[in-house]
Amino acid sequence: MRKRGGWSPQNTTCPPGLEYLIVLDRLYIRQQLELLEVVVGWETENKYLVTNINGQPLFYVMEESNICARLCLGTLRSCELHVGDTNHREVLRMVRPCRCSGCCCFCCMQMLEVYSGDMLLGSVTENCHIFRPSFSIRDASGKTVLRIKGPCFRCCGNVTYKIKSADGVHRVGEIKKKWSGFTTEVFTDADNFSLRFPVDLDVKIKAVLLGACILIDFMYFERNTKRSSI
């Protein structure tokens, strides 16, 4: 398939429930505030709302995980994320195993697989790194189709993760963590993201990029002290 700007144009096959993504070039992801986390400090199952540029709901993302894993493993916990449409029909399932992070052992790097039913659409895999986060976006066959490069340092304000072509030459989009204000950032882990990609990118890869955004939130922006102790 001919490439344009470093990515492959859309495949004609669209998994059921993702048809609306065909015409979109960006998504907005907002983590829902959990009062139990704020009041008690216990890590609860994450929930996200995915909207379009006009703020219209598209998908709801709900984590399914074990309470012991959340309390003992923190942000390194294994989990499944169920993505439903506005009719409460599941359109995607994301599977994240329990892995280490930021090390040089390739068998332990972070990853997340994205499914439509039982069909694998692709995966996000963390690359070995020391200072700058790096991820590979793979299709169902395991081929790297895009790469994500994070910043060397994360500080107050917006944080941008660049989405690049597989060869790293072309910048084709971005994942941006938006600053939510001092109170929200310090006392909660309810994060806001924007995700931008080529409008003619394969819908299945758009879905995998949504998974990449959520994985990045787990790894770098969840307010949990357990992660630093593992």
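The values are calculated or read from the model by the stated rules, or taken from the named source; none is laboratory data. Keep in mind that what you see is a predicted model, and the values were worked out from it rather than measured. For neighbour counting, all protein chains shown are included, and Cβ atoms are generated from backbone atoms with ideal geometry for every residue, glycine included. Only protein heavy atoms, including side chains, enter the accessible area calculation; ligands, DNA and RNA are left aside. Shrake-Rupley method; radii C 1.70, N 1.55, O 1.52, S 1.80 Å.
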Positive minus negative residues near Thr160 (Lys, Arg vs Asp, Glu; Cβ under 9 Å): +2
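Net charge within 9 Å of Glu64 by Cβ-Cβ distance, Lys/Arg positive one each and Asp/Glu negative one each, not counting Glu64 itself?
Around Glu64, the charge tally is -3.
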Amide proton proximity set for Gly117, modelled H, under 5 Å, gap of 5+: Arg93
Under Karplus coefficients 6.51, -1.76 and 1.60, residue-wise ³J(HN,Hα) of the stretch 25-30 in Hz, glycine/proline x: 10, 7, 9, 10, 10, 10
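Could you order Arg30, Arg138 by accessible surface area, starting with the largest, using a probe radius of 1.4 Å?
My answer, sorted largest first, is Arg30, Arg138.
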Segment Arg26-Thr160, extension gain: residue separation times 0.36 nm, minus the distance between their alpha carbons: 46.8 nm
Distant-in-sequence amide H partners of Val145 (H built 1.01 Å from N, under 5 Å): Ile137, Arg138, Asp139
Accessible area (Å², 1.4 Å probe, nearest 10) - Tyr220: 30 Å²
Surface accessible to a 1.4 Å probe, Leu201 within the full protein complex, Å²: 10 Å²
